[in-house]
Amino acid sequence: MNYINDYIRENMSLTVREQKLFVYYLKCILYDVSKLILFLFIFSMLHMLPEFLLTFIIQFPLRTISGGLHFRHYWSCFAFSLVYLFLITALFRKILIPFEIGIVLLLLCIIIIYQIGQVRSPSRPSLSDIELLRRKRAVLIAAGCETLIAVLIYQTDFAPIIYWSIILHTLQLIIGKWNLARLNVPQ
């Protein structure tokens, strides 16, 4: 990573803050791509690739827009993410929620996700009020569309993956928000 820092400092006309942000975002992308490759391999070996891909497709917009739990080290993040994804794809997808209860839970999740807005990593810069509102609206649309898809395919084997992804993401945001408040990290 020192090589990248040196390259950016010498070849790009960025402020020190912009350099740090650039390196942070680059590191995030590299870490996430490497985790995705490992997850693809693991879930392929477990013969659960379609389930993983659906979970990933549902989680990706929710996670990138609204954040979630953050860990200080790559391997702790990887381990949590692997267990989290495995719970959805292997265990929770077998726990069926009656339609009426599912609708109420999903609508409640949408409201909570919107209210929380974003749980960002403490190492990321704070969002402006305008950017936070933009993200709240974007995650509202994403969660709303995913809920609509879950409702439309509620009687299929894939619906539990969608609704458990939304429910567990909401729980992750609640825990993340509580954790940041406990640590006095401004949001």
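Some points to look at:
- Some residue of the stretch 114-132 being farther than 20 Å from Ile65 by Cα and free of Cβ contacts under 8 Å to residues at least 12 places away in the same chain: no
- Residue within the stretch 112-124 that is open to solvent by 40 Å² or more (accessible area, probe 1.4 Å), of a type in the set (D, E, K, R) and under 18 Å from Leu173 (Cβ atoms) present: yes
- Residue list for the stretch 16-45, restricted to those being within 13 Å of Phe86 (Cβ to Cβ) and open to solvent by 80 Å² or more (accessible area, probe 1.4 Å): Met45
- Checking Val33 against (1) over 28 Å from Cys145 (Cβ atoms); (2) free of Cβ contacts under 8 Å to residues at least 24 places away in the same chain, the condition it does not meet: (1)
Yes/no per residue for (1) touching an Asp or Glu at 6+ places or on another chain (Cβ under 8 Å); (2) in a helix (DSSP H, G or I); (3) open to solvent by less than 80 Å² (accessible area, probe 1.4 Å); (4) free of Cβ contacts under 8 Å to residues at least 60 places away in the same chain:
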position	(1), (2), (3), (4)
Leu62	yes, yes, yes, no
Leu69	no, no, yes, no
Arg72	no, no, no, yes
Ala79	no, yes, yes, yes
Val83	no, yes, no, yes
Leu87	no, yes, yes, no
Arg93	yes, yes, yes, no
Ile97	no, no, yes, no
Ile103	no, yes, yes, yes
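The values are calculated or read from the model by the stated rules, or taken from the named source; none is laboratory data. In this text the structure is predicted, and so the values were computed from the model without any measurement. Note: ideal-geometry Cβ built from the backbone for every residue, glycine included; neighbour counts use all protein chains shown. We work out accessible area using only protein heavy atoms, side chains counted, and drop any ligands, DNA or RNA first. Shrake-Rupley method; radii C 1.70, N 1.55, O 1.52, S 1.80 Å.
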